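Taking it in order: structure first as structure tokens, then the write-up.
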Amino acid sequence: MLQPSTQHSEITSQSVPGRAWLMLALATLGFALNFWAWALLSPLGPRFKDSLDLSSFQQSLLVAVPVVVGSLGRIPVGALTDRFGGRVMFPLVSAATIVPVLYLGLAGHSSLTALLVGGFLLGIGGTAFAVGVPFTSAWFPPERRGLAIGIFGAGMGGTAISALTTVKLVDAYGMANPFLVTAAVLAVYAVVAALLLRDAPGRTVPAESLGHRMAATCKLGITWQASALYAVAFGGYVAFSVYLPTYLKTGYGLTQADAANRMAGFVLLAVAMRPMGGWLSDRLGPVKVLAGSLAVVLAGALAQSPTPALMPVGTIAFLAMAAALGAGSGAVFALVAFLSPANKVGSVTGMVGAAGGLGGFLPPLVMGTLYGSFGSYAIGLILLAAVAAAALAFTGTGLSHAVSRRATAHSH
């Protein structure tokens, strides 16, 4: 079983205070609400394509912009969380996300340029992930962190809230409504978080400058190993969660509402499996969990590449990939929590989280471009299978050897 590098928190294996579970619940809620805001444009992509006469590439760009900004923003936000703590950063990120949400709802949906500007700023919501991982990690002992961070990671289900409600609210009450509702909920959460959140006792605060800490983080092997794997696991989840409504509408002729509901099912299964991936990693080790997850993604992508009938083959392939991507994402951060130095968990999380989000930025653009050129999604899914195969090979060789060396070093 993996052992962590030196930790300085007062939370020990014999002591998980009740407050830790309250902090985990509040962090998970904050993550879910910010991800709800982050994903507001995705279900409306087909509608904007029709109303603004967008090309496939423009539609893909529209839903991908918040992803890349939210991903790159995790790097400084993770480092700032190491310095200032989640008690400061969670309310700050939540309050900042309200601004683009209101802009998009009230004024920013009339042109592609306005939507891209709003989507760029909406990326702030995606940075909440880099706040929650170090915040949660500090509250739990090493042998419980996989489960705790897996539970926190289930907050990515906020994208399902968007998928299930956005189109319905627009149809019933107009374009501004889902944005106004989300802004109001974020405002309430920002106040609650400011009042109730507390950082873990004995939290390690880094003394070095931001630049020095980022340079040190880049030298850690775990940073690059976890980044590569998270780009596949979480990147695959993000890519499907933002592009699946378009894929199902174009490839199978589903209505916008039906496609959004099916995407929500994909998201909910991935969300449910993320804590399971963390829990299994605490018991079996993250390498085995990652290897199994990547093998399922490889098989699912190959099965879906010829666009088989949606029932049963297509549905089974997508649900299998959803479960595998969720479990794999949980396993990556079990690895991060165990092997990152205590005062660099936020910085490592920021970089790994950025890699995961960037992994979700490119596939929608590739899929839109390929479909526009060839009228088929087959090549895109074959590329996913090839990437999963490469990640599986790395997990079984380079990562396995690195984990074994770390475990041996900590046992002496």
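Observations on the structure shown:
- Conditions (1) small (Gly, Ala, Ser); (2) open to solvent by less than 50 Å² (accessible area, probe 1.4 Å); (3) assigned to a helix (DSSP H, G or I); number of the one not met by Ala172: (2)
- From the list Val99, Val93, the lone residue that is open to solvent by less than 30 Å² (accessible area, probe 1.4 Å), β-branched (Val, Ile, Thr) and out of contact with any Gly (no Cβ under 6 Å at 6 or more places or on another chain) is Val93.
- Here is the figure for the range 23-58: residues that are touching a residue at least 24 places away in the same chain (Cβ under 8 Å), part of a helix (DSSP H, G or I) and farther than 19 Å from Ala163 by Cβ total 9.
- Flag: Thr246 matches the condition of being crowded, with 24+ Cβ neighbours inside 10 Å and assigned by the TED database to the domain that holds Ala322.
- Scope the range 202-223; condition in a helix (DSSP H, G or I) and either touching a strand residue (DSSP E or B) at 6+ places or on another chain (Cβ under 6 Å) or surrounded by 14 or more Cβ atoms within 10 Å (Cβ to Cβ) (or both); matching residues: Leu210, Arg213, Met214, Ala216, Thr217, Ile222, Thr223
- Flag for Ala183 being buried (at least 18 other Cβ atoms within 10 Å of the Cβ), modelled with pLDDT of 90 or more and in a loop (DSSP other than H, G, I, E, B): no
- Going through (1) open to solvent by 10 Å² or more (accessible area, probe 1.4 Å); (2) under 18 Å from Trp36 (Cβ atoms); (3) over 22 Å from the mean Cα position of the chain (by Cα) one by one, Ile151 falls short only on (3).
The values are calculated or read from the model by the stated rules, or taken from the named source; none is laboratory data. Predicted, not measured: the structure shown is a model, and the values here were computed from it. Here the Cβ is made from the backbone with ideal geometry for all residues, glycine too, and neighbour counts use every protein chain on show. SASA here: full protein model, heavy atoms, side chains in, ligands and nucleic acids out. Shrake-Rupley method; radii C 1.70, N 1.55, O 1.52, S 1.80 Å.
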